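Report on the following structure.
The values are calculated or read from the model by the stated rules, or taken from the named source; none is laboratory data. It should be emphasised that the depicted structure is a prediction, and the values quoted were computed from it without experimental measurement. FYI the Cβ positions are ideal-geometry reconstructions off the backbone, even for glycines, and counts take in every protein chain you see.
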Amino acid sequence: MKISSNALSVKFFALLGYAIFSLAAVAVFAEIVSWAGWSVYRRTHPEPHRNEAASPAFTGDAWAPEFWREESARVQVKKEYVPFRLWGVMPWHGKYINNDESEMGVWRRTINPSSNQCTGKHTVNIWMFGGSAVYGARVPDWATLPSQLSRDLNSAGKDCVVVSNFGVEGYTSNQELISLVEQLKAGRHPSLVIFYDGINDSATADPPHGPLRAHYSYELIRSRIEGSLRQRFLDVVRQSYSVRTVGVALSAIHRRRDSTVAVSDSKEQAATVLDNYVENLQVVRALGKAYGFRTRCFWQPSLYFGQKPLVLFEQTETDALGKDPRDATIRAAYEEADQRSMRSQDFVFLGHVFDSVPDPIYIDQVHLGPKGNELVAHALADYLKSNADL
């Protein structure tokens, strides 16, 4: 019996439609299962800023639970595009966290002396640039590094020191340099500029092969700017729960197979990270000569490096290092920074600042609690005073 071409066409398209429907159903099912898996994981493995009991750095602080609720709400605020720097600090006003709007932009509040306290005194304006460690992620206004530094410098000095917090979460020294230039172009002039970096610059060496990434979310932002329909589709696919789940699994397999290669590659990338960082600092110093301000640069401490006596929480955080492909490069960058700081005067390496501190300091592998920021502020203040910067 001969089958007509129309019947064959109907059968073909019916099979094609069934295949497409089946694939779509499988994709939807995989997405639902992956979403459920990620939801369960997040509940059983909360991020530190969502678990006020995670770090003992806040033990005994009656205000901590209320602060963590405010911090958890703050980090959910959607970022907005900022020219040249890509993103910035979003306005926020609460009991513990305040990002104030001023002629200089939107920046985290620093607890400085009042205008009455500065009457009759010479004012020293310090601008402090960095990432989340300078911004003060996961600590109240009074406990940020700039606030602690202001308190320390004003406690005994004859001058009135006003510290401005130009820290932005996720910023590298590339973006900080642009931020400094924008302020200078607007006609504002500091007495002293401090760059406080380390972790974010180290993390730009991802992947471990090829050139550094200039900033976080590089691939995502690039694909959206280039803007083809294909790229936007791939962007959506990459952000799906199922693809992210497969990516995590493949990354784990890749790390187990190529761990020795990653160590070798990380050393080369670490050198590139420090080359870029030091070049940025040279530009900052050149601007300082042109605009009449002094410059001091510091490489921040972290659990990636040093001999701090660890409490149980900090030991657990340290043991977790190595799960992210960037961890090997960040460790290598810290080792490289330690060596370079001993060979030159480009920056001060603070990787050993907690080597004799047994108290709980860290909130996670990088961010410090109030006590940690206080100790770092002491180290910065002592350095500035000993080098006659004030």
**Message:** Just to be sure before I move on: is Lys79 modelled with pLDDT under 95, surrounded by fewer than 18 Cβ atoms within 10 Å (Cβ to Cβ) and either outside the structural domain of Arg109 (by TED's automatic domain parsing) or in a loop (DSSP other than H, G, I, E, B) (or both) in the structure I sent?
**Reply:** yes
**Residues of the range 293-320 classified as surrounded by 16 or more Cβ atoms within 10 Å (Cβ to Cβ), on the phi < 0 side of the Ramachandran plot and either charged (D, E, K, R) or in a loop (DSSP other than H, G, I, E, B) (or both), total** = 14
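Does the range 332-348 hold any residues that are of a type outside the set (Gly, Ala, Ser) and either surrounded by fewer than 19 Cβ atoms within 10 Å (Cβ to Cβ) or closer than 22 Å to Glu169 by Cβ (or both), and which are they? Explain how you work it out, then say what you get.
Residues of the range 332-348 that are of a type outside the set (Gly, Ala, Ser), as a first pass: 334-336, 338-340, 342-343, 345-348.
Passing the criteria: Tyr334, Glu335, Asp338, Gln339, Arg340, Met342, Arg343, Gln345, Asp346, Phe347, Val348.
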**Fill in**
Filtering the range 248-307 for residues that are modelled with pLDDT of 90 or more and hydroxyl-bearing (Ser, Thr, Tyr) leaves a count of 6
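What residue, among those in the range 349-370 that are more than 19 Å from the chain's Cα centre (by Cα) and either of a type in the set (S, T, N, Q) or surrounded by fewer than 16 Cβ atoms within 10 Å (Cβ to Cβ) (or both), is nearest to Ala332 (Cα to Cα)?
We begin by selecting, within the range 349-370, every residue more than 19 Å from the chain's Cα centre (by Cα); these are 352-360.
If we keep only those that are either of a type in the set (S, T, N, Q) or surrounded by fewer than 16 Cβ atoms within 10 Å (Cβ to Cβ) (or both) as well, we get 352, 355-359.
Values: His352: 15, Asp355: 19, Ser356: 23, Val357: 23, Pro358: 25, Asp359: 26 Å.
Here the answer is His352.
Please work out which residue is farthest from Glu80 (Cα to Cα), limiting yourself to the range 168-184 and to residues that are outside any loop (DSSP other than H, G, I, E, B) and of a type in the set (Ser, Thr, Tyr).
Within the range 168-184, the subset outside any loop (DSSP other than H, G, I, E, B) is 173-184.
Checking which are of a type in the set (Ser, Thr, Tyr) leaves us with 173, 179.
Working: Ser173: 20, Ser179: 16 Å.
Residue satisfying both the conditions and the ranking: Ser173.
If you go through the range 103-134 one residue at a time, how many are among the charged types (D, E, K, R) and either exposed (fewer than 15 other Cβ atoms within 10 Å of the Cβ) or within 11 Å of Asn154 (Cα to Cα) (or both)? Give the derivation first.
Start the filter on the range 103-134 by keeping residues that are among the charged types (D, E, K, R), which leaves 103, 108-109, 121.
Within this subset, residues satisfying the condition of being either exposed (fewer than 15 other Cβ atoms within 10 Å of the Cβ) or within 11 Å of Asn154 (Cα to Cα) (or both) are 103, 121.
Looking only at that region, the number is 2.
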**Fill in**
Reported set for the range 185-202 where residues are within 12 Å of the chain's Cα centre (by Cα) and part of a helix (DSSP H, G or I) is Ile199, Asn200, Asp201, Ser202
**Fill in**
Scanning the range 119-146 for residues that are within 17 Å of Tyr383 (Cα to Cα) and either modelled with pLDDT under 95 or part of a helix (DSSP H, G or I) (or both), the one nearest to the chain's Cα centre (by Cα) turns out to be Leu145
**Prompt:** If Arg285 satisfies every condition in (1) part of a loop (DSSP other than H, G, I, E, B); (2) closer than 25 Å to Pro211 by Cβ but one, which is the exception?
**Reply:** (1)
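Looking at the range 108-142 only, could you name the residues that are free of Cβ contacts under 8 Å to residues at least 24 places away in the same chain and of a type outside the set (Gly, Ala, Ser)?
Of the residues in the range 108-142, the ones free of Cβ contacts under 8 Å to residues at least 24 places away in the same chain are 114-116, 119-120.
Answer for the range 108-142, where residues must be free of Cβ contacts under 8 Å to residues at least 24 places away in the same chain and of a type outside the set (Gly, Ala, Ser): Asn116, Thr119.
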